[in-house]
Amino acid sequence: RFKSVPRNQFSLIMIRKLFFSKNKSLVEKLLFFFFCIYPISFLTGNFLINFFSIIIFILFLFKLLLDKIKIVDENKLLIFLLIFLFITLVINLVFSNNISLTYPRVLKFIIIIGFVLSFRQLIRVFNYKEMNQLYKFWSVILLIVIADLIFEFLFESNMLGFKSYIPGRLSSFMGSKVPEASELVIGNFFSAFCLIVLSYIHLNYKNKSINIFIALFFIFISFLIGERSNFVKTSIIITLFIFFVYDIKLKFKLLSIPIIFLLFFSVLMLNENYKLRYFNQISKIFNKNGINLYLENSVYGAHYNVAEKIFKDNPIFGVGIKNFRVESFSDKYHNLDHKLNDRRGNTHPHQIHYELLAETGLFGYLSFIIFIFISFYLFYISYKKNKNVYQFSGMLFVAVNLVPLLPTGSFFSTYSAGLFWINYSIMMGYLNKDAKF
């Protein structure tokens, strides 16, 4: 298991030492630097996410040219898995309704392959103390976001004056001074990095009471963000993290549940906007056949409904990646049986399973299931041996984003995909890594 890392080495000092170290190549140092600041890109928009991903991919190509045999030998299983998924996407491209919409995402997966392998190389080249500084840097970024979210909750705009256009939802740095232009997706960012930060705190600060308090506080912050689906997913993964990682008596773990519910209840009673979002708008779910009633009367239900119809019309290969945005508006789905069918059209169906079935058909869907199943199996074999907490946190995020019915971002979008693949990289990066510190 991991031992605690000395706290007297501040991240920036350690990172500076790494850059002047003669033990690492320039390419390796640059990879470390860009991964350190990578989370910041999600707070600025798709341009920087793509830019950083491309830079990381180019650096990986240099690393591959310099040390290609070693990299291939060390990553055979992971390379095979990623190539397998890429080939299935290429096959899907051939059968796409509109190839011009599909091929950019298929080509982009080459960058994703390089990204995943780059992070694995980072883990293999840098020792635990050095990687710990990267996770510490990420923790600082998330803590700044949390401070900004609390500021926005209290003063109705964030530290930069950005505002949300939906009462009961926070935007943080992804907002805008023109509220209608705000991107209300900070909840996904928070969910993607919260367990990584909890892992860092758990491994470096051994006060059990404070650790569990911080974990519960993170659930509360997710609640304040106001993104219901991400709140549910964040609550699930943090709860599982508490029960499987923290070495605390079961009665204290169970005691934490009513405490957090008391906090939620207090906010609901004191704030009408949160009461509207978390109770009034979804109260049908708590009735008999509640989920069906909710879907029949929600826009998400309309998206799922048309996605199901598109899949039934194109069962083998679907309509092609990124083609839902065209097909869902088609006149042939104008008379579908749903109360909100006139709002069925969107860029994606807001659920990963419907998205994969509608856009890649059974071929693509089953290929992805095989890819994920083998990934989880390899993770299990590795985790059983090393008990790597960071690896476990990455797995939890990947797994919870595959839960059926809960709304998700588009699996093929820049933002959602970036968050998914960084956690997948952590989950798979420690395969065969003897982490006994």
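Please list 44, 414 in order of solvent-accessible area, largest first, computed with a 1.4 Å probe with all protein chains present. Before the final figure, lay out each step's value.
Values: 44 85, 414 15 Å².
From most accessible down to least: 44, 414.
Translational diffusion coefficient of the chain (Stokes-Einstein, Kirkwood radius from Cα pairs, 20 °C, 1.002 mPa s): 93 µm²/s.
Sparsely packed loop sites in the range 211-255 (the trypsin sites (Lys or Arg not before Pro) outside DSSP H, G, I, E and B with at most 16 other Cβ atoms within 10 Å) comprise 249.
In this structure, the residue pairs whose Cα-Cα separation is over 30 Å, taken from 76/249; 177/309; 76/206; 24/385; 76/385; 129/385, are 76/249; 177/309; 76/206. Helices in the chain that qualify as membrane-span-like (whole DSSP H runs, Cα extent of at least 20 Å along the helix axis, mean Kyte-Doolittle hydropathy of 0.0 or higher) are 26-41, 46-74, 76-94, 99-125, 128-155, 186-204, 208-225, 228-245, 250-270, 352-386, 414-429. Shown are 205, 246, whose ranking by accessible area with a 1.4 Å probe and every protein chain present, most to least, is 205, 246. Within the same chain, aspartates and glutamates fewer than 8 places from residue 136 are excluded, and of the rest, those with a Cα less than 19 Å from its Cα are 28, 148.
Pairwise alpha-carbon distances in the range 191-276 exceed 15 Å for 58% of all pairs. Applying a DSSP loop filter and a limit of 15 other Cβ atoms within 10 Å to the trypsin sites (Lys or Arg not before Pro) in the range 329-389 leaves 339, 387.
For residue 159, the accessible area of its heavy atoms, probed at 1.4 Å with every protein chain present, is near 100 square angstrom. Ordering of 78-87, 313-322 by packing is 313-322, 78-87, highest average first (other Cβ atoms within 10 Å, averaged per residue).
Selection among 154, 244, 403 by position relative to the dipole of the chain gives 244 as farthest towards the positive end (Cβ unit charges, Cα centre).
Its relative contact order, with pairs defined as Cα atoms under 8 Å and 6+ residues apart, puts the range 71-168 at 17 percent.
Taking 7 Å steps out from each Cα toward its Cβ at residue 387 and residue 80 produces label points 3.0 nm apart.
Using C-alpha pairs below 8 Å separated by at least 6 residues, the relative contact order for the chain is 19 percent. From helices alone, the chain scores -23500 deg cm²/dmol at 222 nm; the rule is -39500 (n - 2.57) for each run of n ≥ 4 DSSP H residues, then divide by the residue total. Pairwise inverse Cα distances across the range 376-435, averaged and inverted, put the Kirkwood hydrodynamic radius at 12.0 Å.
The stretch between residue 244 and residue 220 holds 6.6 nm of extra length on full extension. This uses 0.36 nm per residue minus the Cα-Cα distance.
With kT/(6 pi eta Rh) evaluated at 10 °C and eta = 1.306 mPa s, and Rh the Kirkwood radius from Cα pairs, the range 288-340 diffuses with a coefficient of 134 µm²/s according to Stokes-Einstein.
By the scheme Lys and Arg +1, Asp and Glu -1, what is the net charge of all other residues having a beta-carbon under 11 Å from that of residue 228? Neighbourhood net charge equals +2.
The values are calculated or read from the model by the stated rules, or taken from the named source; none is laboratory data. Since we're looking at a predicted model, the values are computed, not measured. Here the Cβ is made from the backbone with ideal geometry for all residues, glycine too, and neighbour counts use every protein chain on show. Ligands, DNA and RNA are excluded from the accessible area calculation, which covers all protein heavy atoms including side chains. Shrake-Rupley method; radii C 1.70, N 1.55, O 1.52, S 1.80 Å.
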